[in-house]
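First comes the structure, then the notes that go with it.
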Amino acid sequence: VATPDAAGATLSVAALREKYGETHVTATMQCSGNRRGHMNEHGKTSGTAWGCGAASTAKWTGVPLRTVVADALGLEGDLLAAARARGAAHVIFEAVDDMQASIPIEKALSELGDCILAFEMNGEPIPRDHGGPLRAIVPGYAGVRNVKWVKRVVLSQDEAEGAWQRGMNYKAMPSHWRTKDDLKGVDFSKLPSIHELPTQCAFSAPAPGDAVAADEESFEARGWALGSAGRAIHRVEVSADGGATWIQADLDEGADQPYGRAWAWTTWSADVPLPATPGPVKLLARAHDLGGGAQPR
């Protein structure tokens, strides 16, 4: 843990655990390109053509990032003010493979941000493929900000260097930019970096191509929904006729998360009436979060 002009402190994973104890965060991690395959139906994208499966939820165990940073750098009192007084605006996570990404100090040092340096995933040491032995967990932020194999944490005036932070793939861009010509002359480092993701909802069942007997009156649909920036899901609607009519789903696991800290998905289920006429059924689902975020009908 350091600043660009100060060494700070060096700690092993064992020392982190011994010195700062343990805290737990259950969070859904989602790639910022999740559902890119669906986006391709409206306009060609680049990158892995994900369905809705580039997201998953785990219980992470680690130490609070804000506590480690404050102790290592001698920050006291109002941590955010103390960091700003040193000229810091971002916290950079550097990985063993030299990948780096950063988050604003407002997220990193907030008691309500729930950022941790994690060494366990679902009660076991984090597997190497998932970022062990030490991974940054930044609840509510895009998966790329949850840096794997962390070796160094730096308070900095500037964002992290490199394509993962300043490149085209992780920048918020206007929706009317559709072709390579639209990107000519663009300095991507000047565009805002993607951190929080929009409200999301997806089906876990039925799967595309599943069949329901024509003499059934209804069938069960299930799925998950995730609000933006820690906002709780308060309603999910489901349609079996392409959006002509909607019913409200029941919210199941995850519906009781703390206000502003709903970092994990909420599962939902609905008994969906079948259309009167047999044939293909176009299923739609849309979620609403407590911040007013909602998917279009």
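I'd like the full set of residues that are polar (S, T, N, Q) and assigned to a helix (DSSP H, G or I), limited to the stretch 165-199.
Filtering the stretch 165-199 for residues polar (S, T, N, Q) gives 165, 169, 175, 179, 189, 193, 199.
Across the stretch 165-199, the qualifying residues are GLN165, ASN169, SER189.
How many residues are closer than 24 Å to GLU111 by Cα and not hydroxyl-bearing (Ser, Thr, Tyr) if we restrict to the stretch 12-42? First the steps, then the outcome.
Going through the stretch 12-42, the residues closer than 24 Å to GLU111 by Cα turn out to be 12-30.
Applying the additional criterion that residues be not hydroxyl-bearing (Ser, Thr, Tyr) yields 13-19, 21-22, 24-25, 27, 29-30.
Number of matching residues: 14.
Starting from residues that are among the small types (Gly, Ala, Ser) and surrounded by 11 or more Cβ atoms within 10 Å (Cβ to Cβ), keep the ones in the stretch 175-199 and report whichever is farthest from ALA285 (Cα to Cα). Even if it seems obvious, please write down each step before you answer.
First, pick out the residues of the stretch 175-199 that are among the small types (Gly, Ala, Ser): 175, 185, 189, 193.
Those still in the list that are surrounded by 11 or more Cβ atoms within 10 Å (Cβ to Cβ) too: 189, 193.
Details: SER189: 35, SER193: 28 Å.
My answer is SER189.
Output the residue which, of all residues in the stretch 244-296 that are among the polar types (S, T, N, Q) and at pLDDT 95 or above, is surrounded by the most Cβ atoms within 10 Å (Cβ to Cβ). Working first, answer last.
Filtering the stretch 244-296 down to residues among the polar types (S, T, N, Q) leaves 245, 248, 257, 266-267, 269, 277, 295.
Pick out the ones that are also at pLDDT 95 or above and you get 248, 257, 266-267, 269.
Values: GLN248: 11, GLN257: 19, THR266: 25, THR267: 20, SER269: 17.
Selected residue: THR266.
Given the stretch 1-103, what helices (runs of 4 or more DSSP H) lie entirely inside it while holding 2 or more residues that are touching a residue at least 24 places away in the same chain (Cβ under 8 Å)? Working first, answer last.
Details: elements: 13-20, 36-39, 65-73, 79-85.
By residue number, 13-20, 65-73, 79-85.
Restricting to the stretch 94-122, count the residues that are surrounded by fewer than 19 Cβ atoms within 10 Å (Cβ to Cβ), among the small types (Gly, Ala, Ser) and in contact with a strand residue (DSSP E or B) (Cβ under 7 Å, 6 or more places away or on another chain).
Of the residues in that region, 0 qualify.
Across the stretch 23-35, what is the total count of residues that are of a type outside the set (Ser, Thr, Tyr), open to solvent by 30 Å² or more (accessible area, probe 1.4 Å) and at pLDDT 95 or above? Full working, then the answer.
In the first step, residues of the stretch 23-35 are kept if they are of a type outside the set (Ser, Thr, Tyr); the result is 24-25, 27, 29-31, 33-35.
Filter once more, keeping what is open to solvent by 30 Å² or more (accessible area, probe 1.4 Å): 24, 29, 31, 35.
Add one more test, that the residue is at pLDDT 95 or above, and what stays is 24, 29.
Counting residues in the stretch 23-35 that are of a type outside the set (Ser, Thr, Tyr), open to solvent by 30 Å² or more (accessible area, probe 1.4 Å) and at pLDDT 95 or above gives 2.
So that you can scan it fast, the table gives a plain yes or no per residue for (1) more than 29 Å from ALA85 (Cα to Cα); (2) out of contact with any His (no Cβ under 8 Å at 6 or more places or on another chain); (3) free of Cβ contacts under 8 Å to residues at least 24 places away in the same chain:
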{"position": "GLU159", "(1), (2), (3)": "no, no, no"}
{"position": "MET173", "(1), (2), (3)": "yes, yes, yes"}
{"position": "ASP182", "(1), (2), (3)": "yes, no, yes"}
{"position": "THR199", "(1), (2), (3)": "yes, no, no"}
{"position": "ALA205", "(1), (2), (3)": "yes, yes, yes"}
{"position": "VAL212", "(1), (2), (3)": "yes, yes, no"}
{"position": "PHE219", "(1), (2), (3)": "yes, yes, no"}
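ALA202 passes all but one of (1) in a strand (DSSP E or B); (2) open to solvent by 80 Å² or more (accessible area, probe 1.4 Å); which number fails?
Exception for ALA202: condition (2).
The values are calculated or read from the model by the stated rules, or taken from the named source; none is laboratory data. Note that the structure is predicted; figures quoted are calculated from it, not measured. Reconstructed Cβ throughout: ideal geometry from the backbone, glycine too, with neighbour counts over all protein chains shown. These accessible areas exclude ligands, DNA and RNA; they are computed on the full protein's heavy atoms, side chains included. Shrake-Rupley method; radii C 1.70, N 1.55, O 1.52, S 1.80 Å.
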